[in-house]
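Comments concern the structure below.
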Amino acid sequence: MRYKDYNGYTKTYVIVHVTGNGVIEDPFIDHSVVFETNNKNEANSKVKKLTLENNSIAEIESSWYNNRYHININTLSKNGANLYKQFNKEFDSLWGKALSKL
């Protein structure tokens, strides 16, 4: 999940169409936003639906399917900005703990 500004979108969760497999030879490439919502469960359901509609079962089972859908956080929405602040606070706390143990 990425925290990013999505101009023109107002909802917290943004689903982005992504191609590639996330490896050096075939990196993830973001394309367009295909859906937005304020409900995380709805976003998860939409990702599953789009994945099944745009890939064959054999491709999905092999894990080498090319049409992927990632849920990202729109930091331009009020709730998205709050989630980003919370993430940064938790990350800084964990990072501080890790550094103190070195």
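Data overview
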{"quantity": "Positions within the stretch 1-27 being within 12 Å of Arg68 (Cα to Cα) and either touching a residue at least 12 places away in the same chain (Cβ under 8 Å) or surrounded by 12 or more Cβ atoms within 10 Å (Cβ to Cβ) (or both), in sequence order", "calculated": "Ile15, Val16, His17, Val18, Thr19, Gly20, Asn21"}
{"quantity": "Residue list for the stretch 48-65, restricted to those being surrounded by fewer than 17 Cβ atoms within 10 Å (Cβ to Cβ), under 18 Å from Val33 (Cβ atoms) and within 18 Å of the chain's Cα centre (by Cα)", "calculated": "Lys48, Lys49, Thr51, Asn54"}
{"quantity": "Any hit, the stretch 28-42, residues being part of a helix (DSSP H, G or I), among the basic types (Lys, Arg) and either surrounded by 11 or more Cβ atoms within 10 Å (Cβ to Cβ) or without any contact (Cβ under 8 Å) to a residue 24 or more places away in the chain (or both)", "calculated": "yes"}
{"quantity": "Test: residue in the stretch 18-32 that is within 27 Å of Asn88 (Cβ to Cβ), under 14 Å from the mean Cα position of the chain (by Cα) and not hydrophobic (A, V, I, L, M, F, W, C)", "calculated": "yes"}
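Read-outs: derived from the displayed coordinates by stated rules, not from any lab. A quick note: this is a predicted structure, and the numbers were derived from the prediction, not measured. A quick note on method: Cβ atoms are made from the backbone with ideal geometry, for glycine too, and the neighbour counts reach across all protein chains shown.
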